[in-house]
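Each remark here refers to the structure printed beneath this line.
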């Protein structure tokens, strides 16, 4: 079984997670930029973070045979902080990097005017750079937020075929599908969706344009939820081909629209005396 996790925050995970993910079948992933867990105080902290998504995390992933790509953006939670807004002006120099396969996460958190502005601006950046967009639908009042998101997408220059609406659930899946966008579902131990609910959604709505991710952020989460969903699909009667479509071919098709997807993991970097990270060199 081959698995592509299309949304996982490996910055918050350990190298043991990379090892376990590879053993479970994960061979590629996309890590979207997201909030730090506490307020950032300057745009420069974003730039260091983006650099780590372009350098350090692909190096860590390569040690375990996993191809690592990323998305960069001013995330919706921090779009409300005026100290962070200069990030929007700096994004173009990161969006031209080979390893960046989308603009994201963008979207809504609290559905404020500042978030409206940031979302519209970054959809335009995606269109300008020929990139897809990964859109975060809000955790509170999700249906209203998703409808508002779809309205902004329709007003933008970006084709809905280049938009992935993420963190969907049973209340939002039909309208999301009707929008023409791709559909993303985050599988968590206690919140958002779980494996059984995801299987029910797939039974009701099919496997086309459906993406399943583990997200695996700072809180209680599980980087093996993609594999657990695949196993649940098989137990429910889905075929191996169905699983391959949802867990591999769909994310490859979506992020492949960037023209930058490389599914072969880079050769592992050198280690120093068996250490798990590079030491002793420049």
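Things worth noting here:
- Condition check for residue 166: under 19 Å from the mean Cα position of the chain (by Cα), crowded, with 23+ Cβ neighbours inside 10 Å and within 25 Å of residue 224 (Cβ to Cβ): yes
- Residue satisfying all of: in segment 11-30; touching a strand residue (DSSP E or B) at 6+ places or on another chain (Cβ under 6 Å) and buried (at least 23 other Cβ atoms within 10 Å of the Cβ); farthest from residue 253 (Cα to Cα) among these: 26
- Number of residues in segment 238-269 that are touching a helix residue (DSSP H, G or I) at 6+ places or on another chain (Cβ under 8 Å), surrounded by 17 or more Cβ atoms within 10 Å (Cβ to Cβ), over 17 Å from residue 102 (Cβ atoms) and modelled with pLDDT of 95 or more equals 5.
- Matching residues, segment 175-195, being more than 20 Å from the chain's Cα centre (by Cα) and surrounded by 13 or more Cβ atoms within 10 Å (Cβ to Cβ): 175
- Scanning segment 181-200 for residues that are more than 11 Å from residue 233 (Cα to Cα), touching a strand residue (DSSP E or B) at 6+ places or on another chain (Cβ under 8 Å) and outside any strand (DSSP E or B) yields 181, 188, 194.
- Residues that are buried (at least 24 other Cβ atoms within 10 Å of the Cβ) and farther than 14 Å from residue 242 by Cα, drawn from segment 196-230: 213, 214, 215, 216, 223, 225
- Residue satisfying condition, being surrounded by fewer than 24 Cβ atoms within 10 Å (Cβ to Cβ) and within 17 Å of the chain's Cα centre (by Cα), within set 86, 92, 138: 138
The values are calculated or read from the model by the stated rules, or taken from the named source; none is laboratory data. Treat the numbers as computed from the prediction; the structure is a model and nothing was measured. Positions of Cβ are backbone-derived with ideal geometry, glycine not excepted, and every protein chain shown enters the neighbour counts.
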